[in-house]
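Scroll down for the structure; my scribbles are underneath it.
Where a number appears in this text, it was derived from the coordinates with a stated rule and is not lab data. The structure displayed is predicted, hence computed values, not measured ones. Counting neighbours? That spans all protein chains shown, and the Cβs are built from the backbone with ideal geometry, glycine included.
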Amino acid sequence: MSVETVLIDALIRAAETLGLSTGSLPAVEIGRPRQKGHGDLSSNLAMVLASHFKKNPRQVAEELLRHLRLDSGLILKTEIAGPGFINFTLNPDYFFETLRRILRDGKKYGCSDRGKGKKTQVEFVSANPTGPLTIGHGRQAVIGDTIARLLEATGHEVVREYYFNDAGRQMRVLGDSVRLRYLELIGMAVTFPDEYYQGAYIREIAQKAVEEKGDSLKSGDATDYFSGLAEQEIFALIRQTLDRLGIRFDVFYNEKSLYETGKIDAVLQALRGKDLAYEADGATWFRTTRFGMEQDRVIVKSTGEPTYRLPDIAYHKDKMDRGFDLIVDIFGADHIATYPDVLAGMEALGYDPSRVKVLIHQFVTLTEGREKIKMSTRKANFVTLDELMDEVGADVTRYFFLNRSMSSHLNFDLTLAKTQSDENPVYYVQYAHARISSILRKAGEAGLDPDGEADLTRLRAPEEMDLIKALGTFPEVVSDAAEQFEPHRIPAYLEELATLYHRFQHAGKEDESLRVLSKDREASQARLALCRATRTVLANGLSLLGISKPEKM
RNA sequence: GCCCCUGUAGCUCAGUUGGACAGAGCAGCUGACUUCUAAUCAGCAGGUCGGGCGUUCGAAUCGCCCCGGGGGUACCA
């Protein structure tokens, strides 16, 4: 039983002796004061009950305290503060126990089984192979991968999936773009349309075609060859980029297969069978108005070609049929309009739409100093994810994207990322890890045992206690981040933890007796244990972010 | 017009789901190294939380109305 539940039980019992029936009690909550000096835990119960008793909250708090029976081995001190908070100070033994647990659990510390065995799919990136991944894709890739890692850490069984389409208009234009560059390369005069893909990579693919085929394709329709070649080359590039970021997909799902296996038709039939699809103006419409939307939507154009909605619905039906309990879709803000239709589709087909969790991340605005750089795959003026990693490395790239909540626009100043990479917070966190590694190495030389037994009660300095307390909240941070799908909580936590560690180690510089490797052997062993526990948590956190854990810097 | 995101220190952003005097990093200014790696630490300065009204014991957080920025509102994806 956690301390929180113990306290809640005790508070409820105290409230009952004041004449409140359990039924009329509001939900009792235990919070963590953010201010030092307000104890370790606090309850707002007195303030919530004040209006019921028509008394002042501090007075209610006093009465509650008078009836509160607490285990002194757990709670050291209670106090009424502020407008009527009851603050609890925990017995340090409690924290030493969590420290032991960290040392015992190691890599598992922070993991939980909240999502025990839940079959979960995370779909992200899903960029069509029309060009190198951009910085916008990068944000999604890193967010998606980290959410997958968080879900794994909380016991989910995760499949990472990339959905793409290599048919359709986009790919035809791509193939034809390559064809025109090819013709140019073999010396023919062509006019290259504005709306075609302008990037230099198109020429490189065309060059490959020249090497493979010479000028044998100068006449006739070889668009299929060109788009096939382009897809192959570009996908290889995309996988390579993802690999640099440490991202591996379990499944690459091709939209085309939905047609080949008849899944598209099956959806159409099913919708028609339920009178949820109808023909009008030469097109086929989905009765989305049945599901609370303002207008019906076209799912098959008058040309006979489906709109994106139909395959999207068929794809999600397939996810449902594959038995996923939780389906996480990660989209950029530009796709925000597509998901209500997909969810309506699920409902129409008799599935529970609440199994789908749609996460929308806002755009990345790339700036160079004050200049905004516009990003578009078709125009040549984008900065690729690879170029970014060339400049700042994979760790910084991942960290930058994970640092901020996905609902806020990300302002990525390229000049800042390049010139200030030394001052990037990721190094601050990594440095704490490296520093600990170094001190553990030194411990052996000093005749201490870095992995040895320790009397943890020797840890009493404020710098030590603050660090221990922070280590104890890690599992909660991880499960909250996973549950809320908010990866940015992890870097925020790690920065705080790194600060506490740096402060702890620095204390030894001001006060000789607080050094980790001191003359007091027992104190040293206890501090080494604290170092090890801190390194474990830093390492586990960095692993969740997919960022390296240097032993030296 | 309607829908989604957003507005917090000079800049970039957090804010534990309604709690205690609003926080961090960077930039600025002071100080601390023959180091258990100073890629560090301590301190100072910096705010009408876009504006207004409301709900509440209590609002950056919830509701309504304005103002600004971004995205969407296709028989494009």
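Quick look at the values:
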item: Whole-percent pair-distance distribution, where bins are 5 Å wide, for the alpha carbons of the stretch A:352-510; result: 1, 7, 12, 15, 16, 13, 11, 9, 6, 5, 3, 1, 0
item: Principal axis dimensions, largest first and in whole angstrom, of the stretch A:3-90 by Cα; result: 30, 24, 21
item: Average Cα contact separation per residue, chain A, under 8 Å, 6 or more apart, as relative contact order %; result: 15
item: Taking the convex hull of Cα positions in the stretch A:461-551, its mean projected area over all directions (nm²); result: 5.9
item: Rounded to whole Hz, the Karplus (6.51, -1.76, 1.60) HN-Hα couplings of the stretch A:27-40, x for glycine and proline; result: 4, 7, 10, 10, x, 10, x, 8, 8, 5, x, 9, x, 8
item: Fraction of beta bridges assigned by DSSP in the stretch A:261-361 that are antiparallel (%, nearest 5); result: 55
item: Label zone at A:LYS119 (point 7 Å along Cα-to-Cβ), backbone N below 13 Å, the stretch A:297-340; result: A:318-327
item: Charge dipole (debye, nearest 20) of the stretch A:3-90; +1 at Cβ of Lys and Arg, -1 at Cβ of Asp and Glu; result: 260
item: Chain A, helix-only ellipticity at 222 nm - DSSP H runs n ≥ 4, -39,500 (n - 2.57), divided by all residues, nearest 500; result: -16000 deg cm²/dmol
item: Extension gain (nm, one decimal) between A:ASP105 and A:ALA27, 0.36 nm per residue minus Cα-Cα; result: 24.8 nm
item: Ranking of A:ILE80, A:ILE12, A:ILE205 by count of other Cβ atoms within 10 Å, fewest first; result: A:ILE12, A:ILE80, A:ILE205
item: For A:ALA277, distant residues with modelled amide H under 5 Å away; result: A:ARG272, A:ARG287
item: Order of A:THR384, A:THR338 under a 10 Å beta carbon neighbour criterion, fewest first; result: A:THR338, A:THR384
item: Members of A:LYS263/A:LYS357; A:LYS108/A:LYS509; A:LYS108/A:LYS418; A:LYS213/A:LYS263; A:LYS107/A:LYS263; A:LYS274/A:LYS357 lying beyond 31 Å, as alpha-carbon distances in this model show; result: A:LYS108/A:LYS509; A:LYS108/A:LYS418; A:LYS213/A:LYS263; A:LYS107/A:LYS263
item: Principal axis box of chain A, alpha-carbon based, largest edge first, Å; result: 90, 63, 42
item: Computed over the stretch A:3-90: relative contact order in percent, which uses C-alpha pairs under 8 Å that are six or more apart; result: 31
item: By average C-beta atoms within 10 angstrom, highest first, the peptides A:30-37, A:462-469, A:170-177, A:504-511; result: A:170-177, A:462-469, A:504-511, A:30-37
item: Interchain or long-range residues, amide H under 5 Å from A:ILE299's placed H; result: A:THR284, A:TRP285, A:PHE286
item: Largest-first ellipsoid semi-axes for the stretch A:261-361, taking √(5λ) over the Cα gyration tensor eigenvalues, angstrom; result: 21, 16, 13
item: 5 angstrom amide H check on A:THR134, placed H, neighbours 5+ away; result: A:LEU385
item: Qualifying trypsin sites (Lys or Arg not before Pro) for the stretch A:213-285 [loop in DSSP, other Cβ within 10 Å: at most 14]; result: A:LYS218, A:ARG248, A:LYS274
item: Neighbour-count ranking [beta-carbon atoms within 10 angstrom, fewest first] of A:HIS409, A:HIS361; result: A:HIS409, A:HIS361
item: For the stretch A:463-475, 3J(HN,Hα) per residue [Karplus equation, 6.51 cos²θ - 1.76 cosθ + 1.60, θ = phi - 60°, Hz, x = Gly/Pro]; result: 4, 6, 5, 4, 5, 4, 4, 5, 4, x, 8, 4, x
item: Dipole of chain A, positive direction: furthest Cα of A:GLY350, A:ALA283, A:PHE95, with charges on the beta-carbon; result: A:PHE95
item: DSSP-defined antiparallel bridges as percent of all bridges, chain A, nearest 5; result: 50
